[in-house]
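Student: Just dropping this structure here.
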Amino acid sequence: MTSFALSPERELEFEKILSRYPNRQAACIPVLHLCQEQHGWVSDEVIQWVADRLGLSSAHVKGVVTFYTLFNQQPVGKHQVWVCRTLSCALAGSDRILHHCEKRLGIHAGETTKDGKVTLRTAECLASCGTAPMMQVDKIYHEDLTIEQVDAILDRLTR
Amino acid sequence: MLRQTKYLSKHYDVQDGHRLSVYERDGGYQQAKRALQMDRQALVDDMKAANIRGRGGAGFAMGVKWSFMPWPPKPDRPHYLVINADEGEPGTFKDRTLMEKAPHLVIEGCIIGCFGIGAHAAYIYVRDELHLSKERLWGAIEEARAKGYLGKKPFGIDYPVEVYVHTGAGAYICGEETSLLNSLEGKRGEPRLKPPFPAQYGAFGMPTTVNNLETIAAVPIALEMGGDAFSKLSDLHNIKDGGCRLYGVSGHVNKPGVFEACVGLTLRELVYDLGGGVKHGELLGVIPGGSSCPIIRPDDVVDAPDPKSPLHPWHGKSALDVPMGVDTYRALGTMLGTCCAIVLSDKVDPILAFHNLMRFYRHESCGQCTPCREGSAWIFRILDRMVAGQATLEELDRLHEIADNIMGNTICAFGEGTAMPALGFLRKFRKEMEQSIRTKGKSSTGVLAP
């Protein structure tokens with residue numbers, strides 16, 4: 001047994017997710033998202049909990065977690081910033097956006113600020129090529145970015 | 001010939017265009033209601049006549065794919081419709097506009113698609129990052145369900161249909177259909193060997209059709225118009241590439257964006273008429289349909305003296321003037337892909353562009369097959385050295401060799417998707433690369449974003 005448990009509201013969502021599929025395994029990725037939303041990252045306790053509830057081996061769930069880039073295998077900052085750096089964004093100056101973020105936050109891509117507020121990452125193509133450069137902050141896309149806009153966004157996050 | 005259309009994007013600029021009330025005001029869901037009362041074979045035949053070539057990149061004929069499903073469905077072998085909205089091919093941003101601005105068109109397409117292939121459930125696989133898209137699709141499903149258009153008896157007709165949104169978790173490879181199916185089943189998104197094909201053994205081991213999201217969105221439009229009339233919208237109707245589609249253009253153009261037009265637009269029209277022309281200088285090259293498609297240079301001339309070649313009508317003309325079609329582009333030595341072009345101006349260092357894309361493929365290779373996993377990393381490492389001015393001419397030849405050894409030696413098409421654009425850059429920019437190596441990188445502009 002594990003020390004992890006979903007909140008009652010998320011427990012309802014868990015049941016709803018299960019009802020969509022012909023077997024429990026198929027719920028694995030959506031349920032991992034649900035757990036990460038609550039816990040911030042996917043710990044070994046979360047993996048064990050998902051395995052127990054879906055009738056899977058923890059090795060299977062761990063295999064899934066390590067395959068996909070969006071599951072955090074360590075604790076992350078309160079906010080997550082992804083700067084897209086693939087070609088269309090790079091042609092529009094995403095390197096400048098990324099360097100500016102690194103300078104402003106005092107960290108490199110892949111790291112979290114000391115106060116735990118922001119994790120900065122690079123992303124591969126986020127389907128926003130016509131409105132490049134762009135960055136994703138938590139669930140929100142910020143497109144057609146200028147350095148001034150980046151400053152305003154980072155101001156809000158680090159306040 | 002440039003003929004812009006407004007079928008898929010009908011409600012893109014309309015207030016509340018994503019809501020059921022607006023969609024229904026213009027006749028929405030009438031085709032789904034009609035389809036559920038049609039003879040199944042007649043529906044499939046009409047869709048075959050529409051010549052909708054898959055909009056996800058491979059360009060397979062949708063109606064033909066539907067007809068591969070075993071018929072009649074066996075009670076213990078339920079069929080599934082799976083919609084691929086894992087939009088992640090660099091340069092591609094068209095499906096997202098449909099999900100955000102026309103979700104009901106997608107849901108209506110799913111209802112018709114389910115009936116066409118004998119399924120009662122459709123899963124729309126959306127990449128997790130597209131939060132607004134997921135929200136809009138779920139919203140549309142809720143609205144349609146509340147009206148009784150989904151559920152046990154859609155429109156009061158005894159043919160249950162459910163539509164669900166399923167999310168990925170960040171993996172480009174899940175856009176490959178069998179990898180997507182594994183991901184849908186709650187597994188690592190590693191591609192499966194084919195055969196068996198999804199029509200026999202797909203989602204949950206059951207007969208499955210996987211269609212791209214834009215492909216399924218074209219279905220209600222084609223059905224309303226009649227398959228043949230829809231196909232004839234296209235300049236390439238005679239080579240079975242029909243209808244209208246979404247085009248995207250990004251990179252160094254004055255007006256990047258998604259545009260709808262008939263099939264058969266030329267790259268010149270996309271870049272100069274719709275995209276507003278090249279900015280930051282003259283045109284260096286265009287990656288026509290997502291990053292896996294080999295780059296085209298403006299001085300590429302069509303060489304097709306054989307009257308039997310689909311390219312013969314354009315023999316001696318610029319490659320930019322060939323209509324963008326699945327077969328015309330294949331004959332040109334590139335691919336139509338997703339029809340979303342990336343434009344590079346002559347201020348761009350092509351080696352840096354090549355380096356950027358190969359970093360992407362190295363990052364996204366799922367690691368299952370050795371030629372792709374190792375090959376994509378080797379290519380990237382050599383390019384890293386080239387960018388730093390440390391590569392040798394011998395390594396330039398090695399790039400060819402590595403790419404050649406990926407081709408045809410992997411389970412899925414990701415391997416070709418890496419090797420083909422690599423070979424494209426190597427062929428089209430050989431001189432620039434040789435010069436860069438000789439001058440230890442000094443001949444390169446070192447610029448991606450002027």
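Student: Go through the range B:258-280 and give me each residue that's under 19 Å from the mean Cα position of the chain (by Cα), within 13 Å of chain A (Cβ to nearest Cβ) and open to solvent by 10 Å² or more (accessible area, probe 1.4 Å).
Tutor: The answer is B:258, B:259.
Student: Right, another one. Listed residues A:121, A:156, A:104, A:96; which is open to solvent by 10 Å² or more (accessible area, probe 1.4 Å) and part of a strand (DSSP E or B)?
Tutor: Working: A:156 fails: part of a strand (DSSP E or B); A:104 fails: part of a strand (DSSP E or B); A:96 fails: part of a strand (DSSP E or B).
Sole residue among the options that is open to solvent by 10 Å² or more (accessible area, probe 1.4 Å) and part of a strand (DSSP E or B): A:121.
Student: Looking at B:398, B:385, B:427, can you tell me which residue is open to solvent by 10 Å² or more (accessible area, probe 1.4 Å), closer than 16 Å to residue B:353 by Cβ and assigned to a helix (DSSP H, G or I)?
Tutor: B:427 is the lone residue from the list that is open to solvent by 10 Å² or more (accessible area, probe 1.4 Å), closer than 16 Å to residue B:353 by Cβ and assigned to a helix (DSSP H, G or I).
Student: Sticking with this structure for a sec: Considering only the range B:252-279, state which residues are touching a residue at least 24 places away in the same chain (Cβ under 8 Å), assigned to a loop (DSSP other than H, G, I, E, B) and either under 24 Å from residue A:133 (Cα atoms) or of a type in the set (A, V, I, L, M, F, W, C) (or both).
Tutor: Scanning the range B:252-279 gives B:252, B:254, B:263, B:265, B:275, B:277, B:279.
Student: Sticking with this structure for a sec: Can you go through B:187, B:194, B:232 and tell me which one is surrounded by fewer than 23 Cβ atoms within 10 Å (Cβ to Cβ), under 21 Å from the mean Cα position of the chain (by Cα) and among the charged types (D, E, K, R)?
Tutor: B:194
Student: Among (1) more than 14 Å from every other protein chain (Cβ to nearest Cβ); (2) crowded, with 24+ Cβ neighbours inside 10 Å; (3) of a type outside the set (Ser, Thr, Tyr), which single condition is residue B:93 missing?
Tutor: All conditions pass for residue B:93, except number (1).
Student: Follow-up question, since we're still on this one. Does any residue of the range B:209-218 turn out to be over 25 Å from residue B:87 (Cα atoms) and either open to solvent by 10 Å² or more (accessible area, probe 1.4 Å) or in contact (Cβ under 8 Å) with a residue 12 or more places away in the chain (or both)?
Tutor: As a first pass, look at the range B:209-218 and keep what is over 25 Å from residue B:87 (Cα atoms): none.
The answer is no, given that none of the residues of the range B:209-218 is over 25 Å from residue B:87 (Cα atoms) and either open to solvent by 10 Å² or more (accessible area, probe 1.4 Å) or in contact (Cβ under 8 Å) with a residue 12 or more places away in the chain (or both).
Student: Can you tell me which residue within the range B:124-141, out of those that are touching a strand residue (DSSP E or B) at 6+ places or on another chain (Cβ under 6 Å) and open to solvent by less than 10 Å² (accessible area, probe 1.4 Å), is farthest from the other protein chains (Cβ to nearest Cβ)?
Tutor: Within the range B:124-141, the match that is farthest from the other protein chains (Cβ to nearest Cβ) is B:137.
Student: Looking at the range A:49-71, is at least one residue more than 10 Å from chain B (Cβ to nearest Cβ) and under 30 Å from residue A:146 (Cα atoms)?
Tutor: Within the range A:49-71 (the criterion being more than 10 Å from chain B (Cβ to nearest Cβ) and under 30 Å from residue A:146 (Cα atoms)), the answer is no, since none of the residues qualifies.
Student: Could I ask something else about it? Those residues that are within 14 Å of chain A (Cβ to nearest Cβ) and over 27 Å from residue B:180 (Cβ atoms), I need them from the range B:208-256; list them, please.
Tutor: B:251, B:252, B:253, B:254, B:255, B:256
Student: Looking only at residues in the range A:2-27 that are open to solvent by 50 Å² or more (accessible area, probe 1.4 Å) and basic (Lys, Arg), which one is nearest to the chain's Cα centre (by Cα)?
Tutor: A:10
Student: Tell me which residues, restricted to the range A:85-103, are in contact with a strand residue (DSSP E or B) (Cβ under 9 Å, 6 or more places away or on another chain) and more than 20 Å from residue B:279 (Cβ to Cβ).
Tutor: Those that are in contact with a strand residue (DSSP E or B) (Cβ under 9 Å, 6 or more places away or on another chain) and more than 20 Å from residue B:279 (Cβ to Cβ): A:85, A:98, A:101, A:102.
Student: Taking the stated definitions as given, is residue A:109 more than 9 Å from every other protein chain (Cβ to nearest Cβ) and among the aliphatic types (A, V, I, L, M)? I'd like the intermediate steps shown before the answer.
Tutor: Details: more than 9 Å from every other protein chain (Cβ to nearest Cβ): yes; among the aliphatic types (A, V, I, L, M): yes.
Spelling it out, residue A:109 is indeed more than 9 Å from every other protein chain (Cβ to nearest Cβ) and among the aliphatic types (A, V, I, L, M).
Student: Quick check: anything in the range B:301-313 in contact with a strand residue (DSSP E or B) (Cβ under 7 Å, 6 or more places away or on another chain) and open to solvent by 10 Å² or more (accessible area, probe 1.4 Å)?
Tutor: The answer is yes; a qualifying residue exists.
Student: Here's something else I'd like to know. Within the range B:1-27, track down each residue that is in contact with a helix residue (DSSP H, G or I) (Cβ under 7 Å, 6 or more places away or on another chain), closer than 21 Å to residue B:233 by Cα and open to solvent by less than 70 Å² (accessible area, probe 1.4 Å).
Tutor: B:2, B:8, B:11, B:12, listed by residue number.
Yes/no per residue for (1) hydroxyl-bearing (Ser, Thr, Tyr); (2) out of contact with any Asp or Glu (no Cβ under 6 Å at 6 or more places or on another chain); (3) in contact (Cβ under 8 Å) with a residue 60 or more places away in the chain:
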| site | (1), (2), (3) |
| --- | --- |
| B:309 | yes, yes, no |
| B:328 | yes, yes, yes |
| B:339 | no, yes, yes |
| B:345 | yes, yes, yes |
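Student: What are the pairs with Cβ atoms under 6 angstrom where one residue, in the range A:79-103, is farther than 15 Å from residue A:69 by Cβ and within 7 Å of chain B (Cβ to nearest Cβ) and the other, located anywhere, is open to solvent by less than 10 Å² (accessible area, probe 1.4 Å) and among the β-branched types (Val, Ile, Thr)? Sequence gap at least six, or different chains.
Tutor: Listed by first residue and then by second, the contacts come to A:87/B:342; A:88/B:342.
Student: Let me ask something additional. Sort out which residues of the range B:324-356 are of a type outside the set (Val, Ile, Thr), surrounded by 23 or more Cβ atoms within 10 Å (Cβ to Cβ) and outside any helix (DSSP H, G or I), and write them in order of number.
Tutor: B:324, B:325, B:332, B:335, B:336, B:337, B:339, B:340, B:341, B:344
Student: Related question: Please go through the range B:202-227 and pick out each residue that is out of contact with any strand residue (DSSP E or B) (no Cβ under 8 Å at 6 or more places or on another chain) and not in a helix (DSSP H, G or I).
Tutor: Within the range B:202-227, just B:226 meets the criteria.
Student: Just to be sure before I move on: is residue B:39 under 24 Å from the mean Cα position of the chain (by Cα), of a type in the set (D, E, K, R) and assigned by TED's automatic domain parsing to the domain that holds residue B:133 in the structure I sent? Steps first, please.
Tutor: Working: under 24 Å from the mean Cα position of the chain (by Cα): no; of a type in the set (D, E, K, R): yes; assigned by TED's automatic domain parsing to the domain that holds residue B:133: yes.
When the stated conditions are applied, residue B:39 does not pass them.
The values are calculated or read from the model by the stated rules, or taken from the named source; none is laboratory data. Bear in mind that the values here come from a model prediction, so they are computed numbers and not experimental data. Using ideal geometry, Cβ is built from the backbone for each residue, glycine included, and neighbour counts are taken over all protein chains shown. Ligands, DNA and RNA are excluded from the accessible area calculation, which covers all protein heavy atoms including side chains. Shrake-Rupley method; radii C 1.70, N 1.55, O 1.52, S 1.80 Å.
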